[in-house]
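Just so it is clear, none of the values below were taken in a lab; they were calculated from the coordinates. Remember, predicted model here, so these are calculated numbers, not experimental data. Quick reminder, even Gly has a Cβ in these numbers, built from the backbone with ideal geometry, and neighbours come from all protein chains shown.
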Amino acid sequence: MDKLLTVAPSPHIYGEESIRKLMLGVIIALLPALFCSVYFFGWGAVIISVVAVTTCIITEYLIQKFLLKGELSITDGSAIITGLLLAFNLPGNLPVGIVIIGSVVSIGIGKMTFGGLGRNPFNPALIGRVFLLVSFPVQMTSWPVPQGFMTSYTDAVTGATPLEIVKEGLRNGEQVSELMDRVPGYLQLFYGHSGGSLGETAAIALLLGLAYMLIKKIITWHIPVSIIMTISLFTGILWLINPQQNADPLFHILTGGVLLGAIFMATDYVTSPMTRKGMWIYGIGIGIITVLIRIWGAYPEGISYAILIMNAFVPLINRYIKPRLFGKEGRYGKD
Amino acid sequence: MLKTFHKGGIHPVENKFSAGREIRVLPPPEVVYIPLSQHLGAPAKLIIDRGEKVKTGQLVAKSTGFVSVNIHSSVSGTVRKIDQVQDGSGYKRTAILIETCEDEWQPGIDLSPDINTDIQYSPEEIIRKTLYAGIVGLGGAAFPSHVKLSIPRGKHARALIINGAECEPYLTSDHRLMLEKGKELIIGIKLLMRALRAETAMIGIENNKQDAIRHLEELAGKEEGISVYPLKVKYPQGGEKQLIKALTKMEVPSGGLPIDIGVVVHNVGTAFAVYEALQKNKPLIERVVTVTGKSLKNPSNFLVRIGTPVINLIEAAGGLPADTGKVISGGPMMGKALSTFDVPVVKGTSGIVILPESESKRRHVKVCIRCTKCVAVCPQGLEPYLLMSLAQNEYPDELEMNKVMDCIECGACSYICPSGRPLLDYIRLGKAKVGQIIRTRKN
């Protein structure tokens, strides 16, 4: 033998999965929603998405190169996802400067402060969004009315989101049945013709993304289903008790980024639990907190905060919620 | 619905290139190296001396305890040396070097091709003869078979499970054995049933071996209590606990043995060896070994004498391919990588898999992204990502609490990890550490 054999412990063969493949899968799943946002919001959507993604990549590169001085990992695609998700959480006419600040905060504070991919406790895109929401409340809550490429980026006609209309109306003592005439119908919500952030408008596009990720086994169904089920149940009960003061469950699911959050934000690998049981607890928690904020809180929508709050519980969930051990009722450890 | 186990599991590419190749008898080599420790448990004790002449099938080393087995010469010739020889595990072990001349068998061994269907032994006799013939589990673990046949007081074996799953990619030795030695196999199963006083036997075969399933179904149909179950293809279905779960829906308790729930599992190869030992009076001196690989010229299944150097097998299968990067003794999921070709085939060698250079290197290790895939594929319900970090940071108490000793080392976690993390490497380290602690605690 002129060359040496490789000797290593088993297993000797490996699956096809890699971080880059998984991340690419998520990016593909985000594409339908991206197309929809461009379709409804025109150039604004293009500019914001491109700026957010580019800034995220550059920020990660600079921090890794000059501060952490570790192995460069920007090719794994996770910064692209953060950028896209942040863009999806922004209104379609947000000034470029604010988008850049949000992206730098997302990657810089939300992700790299903790050591980069795999180590951040909170969803980076949501850190960016919440930072912008408290820093620039006016710009972050003026939503352009979707008019396709007719939507002017700088000088769009703005309007309230359906959730804001309902929340304001209820506060002014109006009835849900009257308010429903002023918000888009379910079919419109489903196809995306309503005010809101870039990614939250078209339910069908987000559901397509979910289907893709489930088929490709990128995520499991547990987190999205548990969130959506909890919100439906909770708002359903409130609606049955008093249909004049509470909107119905379908309205809650289709508005305010619930689908975007449940499908793409809450399922972030790094910041969600490791076991199926843990995922249920996490999803139910997100659902309950979302409804609490929506119905009794100051904000019209609440899933961003709900996800961030439950992110904080993930280490605790991982610590106490264990998968079912094979042959659990065993002697081992007892004798 | 095909039967299977339900927690975890993976689907590696099967690559069973040698599935269609009939078992070929490989003639005895010029020299054999027969290690005294080819099984789990105490090594056998040498009873011959240098320079002595031995016959094929002659006892050369005796078992030294309950968990230990006899070793027989696999060739006839002269004992040239008793030396330390590296075996498949990478360790040097005492081995007998025998130089072959002619193939003269020990008298009393029935070499006729007839199948002896007449069973006339008591359970005790079957166990004694199994012990004498040096039979160990031929699936790879090489655990002495008579130990599994000796039911502890107060326990009762309701069912015998015969493992024909062969869930490791590449390997086909069990597949061929079931196809070509089906009749003998069924008699072996009947012998095992009698030894265990078990009324039923369940043969589990993965569904990618349709011909073997049909063949054995036909043969088992004529017998009382023996039935064949096709299984969904999933690794590690051939793991003892997973196979029991798939066939009986029962789980072996954590830290327990199959007999605790009334079952005993034996491999098809073992059942065949039992047939030969009892009906032909032939000790375990040869076995079927798959020699395979993507760039190997003739992937084959050989009937090989124990102690044959691995290089002879590779030569017989068309020689070592130019792009060889790794040679594995056993399957690619649980087998051991060899560092030389001089290691002998032992009782537990189920196959030799040759991987090309491009597939033999470890992957670049990246950070854990907590994708949960390792937790999802673990058939034992463990959390490999957690066990790895606990082992890295040396927290033996936490490791024990998180049931590291329940790991069956199937490698599904390392296989699936998108970050290429060596999960099983660290879990093994953790197991060794915790095992040590448990042993000192008991003393």
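Among the GluC sites (Glu not before Pro) within the stretch B:100-161, those in coil by DSSP and having at most 12 neighbouring Cβ atoms inside 10 Å are B:GLU102. Nearest 10 degrees, 0 to 90: what angle lies between the long axis of helix A:303-320 and the longest principal axis of chain A (Cα atoms)? It works out to around 30 degrees. In terms of its C-alpha gyration tensor, chain B comes out rounded, because the ratio a/c of the largest to the smallest axis stays below 1.5. Helix A:162-171 versus the longest principal axis of chain A: what is the Cα-based angle in degrees, 0 to 90, to the nearest 10? Long axis of A:162-171 versus the principal axis of chain A: about 60 degrees.
Legend: calculated FRET efficiency, A:ASN172 to B:GLN392, from the Cβ-Cβ distance at R0 = 45 Å, rounded to 0.05, equals 0.15. Relative to the longest principal axis of the Cα atoms of chain A, the long axis of helix A:203-215 lies at roughly 10 degrees. Taken as Cα centroids, the stretch A:232-299 and the stretch B:64-112 sit 69 Å apart, rounded to the nearest whole angstrom. I'd like the distance separating the alpha-carbon centroids of the stretch B:134-198 and the stretch A:1-76, in whole Å. Each part's Cα centre sits 49 Å from the other's.
Once backbone amide H atoms are built at 1.01 Å from N, B:GLU286 has B:ILE306 as its partners under 5 Å, excluding neighbours fewer than 5 places away on the same chain. The trypsin sites (Lys or Arg not before Pro) of the stretch B:84-159 that meet both conditions, a loop assignment by DSSP and at most 13 other Cβ atoms within 10 Å of the site Cβ, are B:ARG153, B:LYS155.
When each of B:HIS215, B:HIS6, A:HIS12 is scored by the number of other beta-carbon atoms lying within 10 Å, the sequence from fewest to most is B:HIS6, B:HIS215, A:HIS12. A Förster radius of 25 Å combined with the Cβ-Cβ distance from B:MET405 to B:LYS249 puts the calculated FRET efficiency at roughly 0.55. Unpaired cysteine residues in chain B (no second Cys Cβ under 4.7 Å): B:CYS101, B:CYS167, B:CYS368, B:CYS371, B:CYS378, B:CYS407, B:CYS410, B:CYS417. Counted by neighbouring Cβ atoms within 10 Å, the residues B:ILE47, B:ILE23, B:ILE98 run from fewest to most as B:ILE47, B:ILE23, B:ILE98. Long-range amide H contacts for B:VAL136: which residues qualify at under 5 Å (H placed 1.01 Å from N, peptide plane, sequence gap of 5 or more or a different chain)? So B:VAL136 has HN proximity to B:SER145.
Apply the a/c threshold of 1.5 to the C-alpha gyration tensor of the stretch B:94-244 and tell me whether it is rounded, prolate or oblate. In terms of gyration-tensor shape, rounded.
Cα centroid distance between the stretch B:402-418 and the stretch A:146-225, in Å? Their Cα centres are 43 Å away from one another. In chain A, Cα pairs under 8 Å separated by at least six residues give a relative contact order of 17 percent. Within chain B, the whole DSSP H helices whose Cα atoms reach 24 Å or more along their own axis and whose mean Kyte-Doolittle score is at least -0.5 are B:423-442.
Here A:VAL176, A:VAL138, A:VAL183 are placed in order of increasing Cβ neighbour count within 10 Å, fewest first, which gives A:VAL138, A:VAL176, A:VAL183. Taking chain A as a Gaussian network of alpha-carbon nodes connected by springs under 10 Å, the highest mean-square fluctuation of the residues A:ILE219, A:ILE81, A:ILE109 belongs to A:ILE109. Using C-alpha pairs below 8 Å separated by at least 6 residues, the relative contact order for the stretch B:123-279 is 35 percent. Specify whether the C-alpha gyration tensor of the stretch A:19-139 places it in the rounded, prolate or oblate class, a ≥ b ≥ c being the square roots of the eigenvalues: rounded for a/c under 1.5, otherwise prolate if a/b is larger than b/c and oblate if not. In terms of gyration-tensor shape, oblate. Amide H to amide H distances under 5 Å link B:LYS45 with B:LYS62, B:SER63, B:THR64, where only residues 5 or more positions off or on other chains count and H is placed in the peptide plane. With a Förster radius of 35 Å, plug the Cβ-Cβ distance of B:THR440 and B:LYS81 into 1/(1 + (r/R0)^6) and report the FRET value to the nearest 0.05. So the FRET efficiency works out to roughly 0.35.
Report D for the stretch A:170-222 in µm² per second (integer): Stokes-Einstein, Kirkwood Rh on Cα pairs, 20 °C, 1.002 mPa s. Calculated translational D: 162 µm²/s.
Taking θ as phi - 60° and the Karplus parameters 6.51, -1.76 and 1.60, the scalar couplings of the stretch B:295-312 work out to 9, 6, 5, 10, x, 9, 10, 10, 8, 10, 6, 4, x, 5, x, 4, 4, 4 Hz in sequence order, x denoting glycine and proline. Take every Cα pair under 8 Å whose residues are at least 6 apart in sequence, average their separation, divide by the length of the stretch B:373-442, and the relative contact order is 38 percent.
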